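What follows is a single structure, written as structure tokens, with notes after it.
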Amino acid sequence: MAEEICLFTKDALIIKPPKKSPASLRMLVLVFAMVCGVYICSVCLRQTNIHTSTKFINVEVNQRYCHDNDIDKSQTPYLHYPKPTSFSRAECACNPVRLFTILSMQRSGSGWFETLLNSHTNVSSNGEIFSVKERRSNVSSILSTLDRVYNLDWFTSASKNQCSAAVGFKWMLNQGLMEYHKEIAEYFNDKGVSVIFLFRRNLLRRMVSVLANSYDRYAKLLNGTHKSHVHSHEEADTLSRYKPVMNSTSLVTDLKLMEKMVLDALEHFSGTRHIVLYYEDLIKNRTKLVDVQEFLGLPQMELTSRQVKIHRGSLSEHIKNWDDVTKILRGTTYESFLQPDYTN
């Protein structure tokens, strides 16, 4: 009996599962701790990178953003901070720029008006840029040209060294403007371009100026040179000696066509931010120039021009067949064109 007990006890000792080694347990715990540590470190590193990049983005935004608490918030869409590709604006980077265009017709005083604007220290009006046909050959060419002008990458004699406050150009109605008026109006509204309409009330005077200027292109009355604008009374007197003959047959029709073009332009761009000016009003009341500077958000300055008016005085002195013109326009809506509209 004692032997059986001993054998049972011995067998029991043999089949009892062996205890695990303490070294293996320690190794298992160490591997688990290492895996957890690597995971935690990777999560923390990712969060740190996100936080750091966010800080960098904030710094970049703060450096590019320009504040001016004195500016009327309603004017914000019309204030721009161009980044030219051809030069750095440097200290002018935070100086807001307004974009504008002068919409007019040839011989309506736009050249004189533009010289007045360019006499302002902070204005650059770049002339009749769409007189070049290639620039207005299609809407893509027009829009790309506008982008260059308004990004300050267009250089003319009007470009200023001072910080620009307003940048633009003059655009004649017959230079692609009316053909693509929908796309152009959308561009003006998207970019916040301010439109300055400049027309003549007396379209008969405009016709005289157009005919006389066209004649001088070939006659070259000023010592063999053609000048559309002059800077002395002597030159003005020389050019004004030519008296054009008005086409009595088509006179009324021609006046109606000019009038319609003006009305169409006003309608096509009525949805833009705009101001309407007339040459006669600017001649008689120079305070109108104050309104223009306010419209463009400019510091007030005395605007000057060296240009001299060519056809001064009564129209009867500048039309060869004046009696015929008088008979044709009497009793029409254009009869007022026969009357003096300003003194100088």
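The values are calculated or read from the model by the stated rules, or taken from the named source; none is laboratory data. Please read all numbers here as calculations on a predicted model, not as lab measurements. Heads up, the Cβs are rebuilt from the backbone with ideal geometry, glycines too, and the neighbour counts pull from every protein chain shown. Surface areas here come from the heavy atoms of the whole protein model, side chains and all, with no ligands, DNA or RNA. Shrake-Rupley method; radii C 1.70, N 1.55, O 1.52, S 1.80 Å.
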statement: Descending accessible area (1.4 Å probe), largest on the left, turns 178, 261, 105 into 261, 178, 105
field: Volume of the Cα convex hull of segment 190-344, divided per residue and given in Å³
entry: 146
- prompt: In square nanometres, what is the average projected area of the Cα convex hull of segment 69-158?
  reply: 7.5
- prompt: What net charge do the residues around residue 283 carry, taking every other residue with its C-beta under 9 Å from that of residue 283, with Lys and Arg at +1 and Asp and Glu at -1?
  reply: 0
task: Kindly report, to the nearest 10 Å², the accessible surface of residue 301 as traced by a 1.4 Å probe over protein heavy atoms only.
output: 70
